[in-house]
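The structure under discussion appears below in the form of C-alpha cells.
The values are calculated or read from the model by the stated rules, or taken from the named source; none is laboratory data. Treat the numbers as computed from the prediction; the structure is a model and nothing was measured. Using ideal geometry, Cβ is built from the backbone for each residue, glycine included, and neighbour counts are taken over all protein chains shown.
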Amino acid sequence: MASPAPDPGPETSDLTSPETADLTKKMRSEWDERARENARYYIATAKNDWNDEEYFESGRENVRREILTDMGNICQGKDPKQMSVLEIGCGSGRITRALAEIFGQVYAVDISGEMIRQARESLRDCPNAHVFQNNGMDLGVLGNVRVDFAFSYIVFQHIPSRDVIRGYVLEVHRLLRPGGLFKFQVQGGSSMDAAPGDTWLGTPFSDADAAAMAEECGFEPRYRIGAETQYFWLWYFRRTWWSSLWLKLRRKIGSRFRRAPQTGEPVRS
C-alpha cells in the first residue's frame, strides 16, 4: 500500500500588488530614517542614550524572559548549539547577539538597510550570526535555508498590513522544519487608532484572527497570550504532513454529518 503524499502546504500569498510595493517602500524609508536618527531608541524605547553594554544586555534580558523560559517548546529535545534559528526584524542586532550566544546558527533579516549596516558592524565578533536586508515582504533573501525555530520580537506590531504579516507567516512555514515553533507578537490592541499605512502602530489582530491565520498558513495555534494588548504573543507550531492530513480528514468527515434536531444523534447530511 502506497504511503500518502506529503502535504503540499498552504497556498502562497500574492504580495505583488502596487499597493503592497508602495507600502514596503514606505516602511523601508521610514525605518531607515529612524535608524539614522537613533536606531537603538526606536528598537528599545526605554532609553534614548543606550551604551553598548546596556543595549545588548537589554537584548539578553528579553531572551532570558521569552526564550530561556520556553526551551521545551523551542528545542523539543534538541541541543541549542545544533539548532539554526530565524529572527525577523533584527534591527541593529540587539536580540540577534543574544540568540547567537545560545544557538548554533542565527539567520536574521530586516527591511532597513541602515539597520542591517549597524547590525553587521556590531556583530562582527559573532561568526554564527548572519544578517540580511530583505524586501519587507518575504524571506527570499535566505533561499531555502532550513531552521528549527523562528522568533520575532516587537516587530509585527509595527506592520500596517495583514497581507504582509500573513506573507511572512507563510514564508516561515516554508523554512521551518515540521513541528518547529514560530514565536512572535502582533498588535492586539484594537482600540488604538492608527492612520492608514502607519509604520509605527501596526494592524490589530483579535484572538480569532490570530487563530485563523495560523490554520490558513499551516500552523497549530497552540498558545496565545495577551489578546487585546499591544503585546499579543503567539505560539505557532508548524504542522507535520501527517497532522495536516489528519486535520483535513477530520474536517471532511465532520462536514458530512450534522446533529439530529431532537435526539442529538449524528446523521449523514
Filtering the range 126-160 for residues that are buried (at least 21 other Cβ atoms within 10 Å of the Cβ) and in a loop (DSSP other than H, G, I, E, B) leaves a count of 8
Reported set for the range 58-79 where residues are part of a helix (DSSP H, G or I) and either touching a residue at least 40 places away in the same chain (Cβ under 8 Å) or outside the structural domain of Trp233 (by TED's automatic domain parsing) (or both) is Arg60, Asn62, Glu66, Asp70, Asn73, Ile74, Cys75
When (1) among the aromatic types (Phe, Trp, Tyr); (2) crowded, with 22+ Cβ neighbours inside 10 Å; (3) in a strand (DSSP E or B) are applied to Tyr168, the one that fails is (3)
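Across the range 28-50, what is the number of residues that are touching a helix residue (DSSP H, G or I) at 6+ places or on another chain (Cβ under 9 Å) and not in a helix (DSSP H, G or I)?
Here the count works out to 6.
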Of the listed residues (Ser161, Ser112), the one being of a type in the set (Ser, Thr, Tyr), touching a Phe, Trp or Tyr at 6+ places or on another chain (Cβ under 8 Å) and either over 29 Å from Asp22 (Cβ atoms) or in the same structural domain as Met71 (by TED's automatic domain parsing) (or both) is Ser112
Tell me, yes or no, whether the range 58-67 has at least one residue that is farther than 24 Å from Trp233 by Cβ and of a type outside the set (Phe, Trp, Tyr). no
In the range 80-96, anything surrounded by 20 or more Cβ atoms within 10 Å (Cβ to Cβ), free of Cβ contacts under 8 Å to residues at least 40 places away in the same chain and over 20 Å from Trp200 (Cα atoms) is listed as Thr96
(1) in a helix (DSSP H, G or I); (2) at pLDDT 60 or above; (3) of a type outside the set (Phe, Trp, Tyr) all hold for Glu220 apart from (1)
